[in-house]
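Here is the structure we will look at.
The values are calculated or read from the model by the stated rules, or taken from the named source; none is laboratory data. As the structure is a computational prediction, the values presented were derived from the model and not from experiment. Here Cβ is always computed from backbone atoms with ideal geometry, including for glycine, and neighbour counts include all displayed protein chains. Ligands, DNA and RNA are excluded from the accessible area calculation, which covers all protein heavy atoms including side chains. Shrake-Rupley method; radii C 1.70, N 1.55, O 1.52, S 1.80 Å.
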Amino acid sequence: MSPYDSDMDTWDAITSRRNVRAYADRPIAPEDLDRILEAGRRAPSASNRQMWDFIVCTDRPQLQELSKVWRGAGHVASSMATIVLMTPKADEDRIRVLAQFDLGQVAMSMMIAAASLGIGSGHAAVGDQDLARQILGFPEDRLCAFLIALGYPADRPLAPLKRVNRRPFEEVVHRGHW
Ligand SMILES: Cc1cc2nc3c(=O)[nH]c(=O)nc-3n(C[C@H](O)[C@H](O)[C@H](O)COP(=O)(O)O)c2cc1C
């Protein structure tokens, strides 16, 4: 029997994911955290370049420091864990764009994997690269691209959302031509 037999199905995980920025005081099991990281590692990438590394942070004082790298990263301070998405610095625009696209796929895979376990996630951008480097010790040729804060939601458990704050389906979807 798989340890994941109690998971939500994929559609439920997709429709339950929402940005969670306040976390219950409940730790994330190490095997669940590893599963979320593995979901990211398995993401597809252009030419399979895999221009990424992940730094997992669980130490409270470190999370508090990390929350200062961007004005919209406050929720990182109280997360149970935060995954830092790293990418190599690239000279070519084309490579930079591909790396960002690939990181987006990593982020979404991680977030869906987290949602399937009932674990909430919240993005944060990174403004201050020097501070991030000081906290995380990554080399000069790398950039700290995004943070994904994780934790069980403080407000209510994840459940499929009935209504979402999105542009209407008919406006977004074009069939056959614009
Ligand atoms: C590239 C990217 C960067 C984001 N940066 C931040 C951020 O710095 N701080 C934050 O609180 N939310 C951030 N978000 C979360 C978005 O605001 C959120 O996904 C959006 O409002 C939709 O809400 P939902 O995720 O609950 O569906 C970011 C999302 C993306 C995709």
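Let's see how each residue does on (1) in a helix (DSSP H, G or I); (2) open to solvent by 10 Å² or more (accessible area, probe 1.4 Å); (3) farther than 26 Å from residue 60 by Cα; (4) modelled with pLDDT of 95 or more:
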site: 94; (1), (2), (3), (4): yes, yes, yes, yes
site: 98; (1), (2), (3), (4): yes, yes, yes, yes
site: 101; (1), (2), (3), (4): yes, yes, yes, yes
site: 106; (1), (2), (3), (4): yes, no, no, yes
site: 121; (1), (2), (3), (4): no, no, no, yes
Could you please give the count of residues in the range 55-92 that are open to solvent by 50 Å² or more (accessible area, probe 1.4 Å), in contact with a Lys or Arg (Cβ under 9 Å, 6 or more places away or on another chain) and closer than 24 Å to residue 30 by Cβ?
1
It is to be established whether one or more residues within the range 157-173 are assigned to a strand (DSSP E or B) and either modelled with pLDDT of 95 or more or on the phi < 0 side of the Ramachandran plot (or both).
no
Limited to the range 127-140, what total is found for residues that are in contact with a Phe, Trp or Tyr (Cβ under 8 Å, 6 or more places away or on another chain), part of a loop (DSSP other than H, G, I, E, B) and in contact (Cβ under 8 Å) with a residue 60 or more places away in the chain?
1
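Does residue 137 satisfy being under 15 Å from the mean Cα position of the chain (by Cα), under 30 Å from residue 25 (Cβ atoms) and open to solvent by 20 Å² or more (accessible area, probe 1.4 Å)?
Working: under 15 Å from the mean Cα position of the chain (by Cα): no; under 30 Å from residue 25 (Cβ atoms): yes; open to solvent by 20 Å² or more (accessible area, probe 1.4 Å): yes.
Judged against the criteria, residue 137 is not a match.
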I'd like to verify a number: residues in the range 108-119 that are open to solvent by less than 10 Å² (accessible area, probe 1.4 Å) and either within 9 Å of the ligand (Cβ to nearest atom) or at pLDDT below 95 (or both), how many?
1
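Residue by residue through the range 141-157, note down the ones that are in contact (Cβ under 8 Å) with a residue 24 or more places away in the chain and either among the β-branched types (Val, Ile, Thr) or open to solvent by 40 Å² or more (accessible area, probe 1.4 Å) (or both). Can you show your working first?
Looking only at the range 141-157, we keep the residues that are in contact (Cβ under 8 Å) with a residue 24 or more places away in the chain, and these are 141-155, 157.
Result: 141, 142, 143, 146, 148, 154, 155, 157.
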Since residue 178 meets every condition but one in (1) surrounded by 10 or more Cβ atoms within 10 Å (Cβ to Cβ); (2) more than 15 Å from the ligand (Cβ to nearest atom); (3) of a type outside the set (A, V, I, L, M), which condition does it not meet?
(1)
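Limited to the range 123-134, what total is found for residues that are closer than 29 Å to residue 47 by Cβ, surrounded by fewer than 22 Cβ atoms within 10 Å (Cβ to Cβ) and away from the ligand (no atom under 12 Å from the Cβ)?
2
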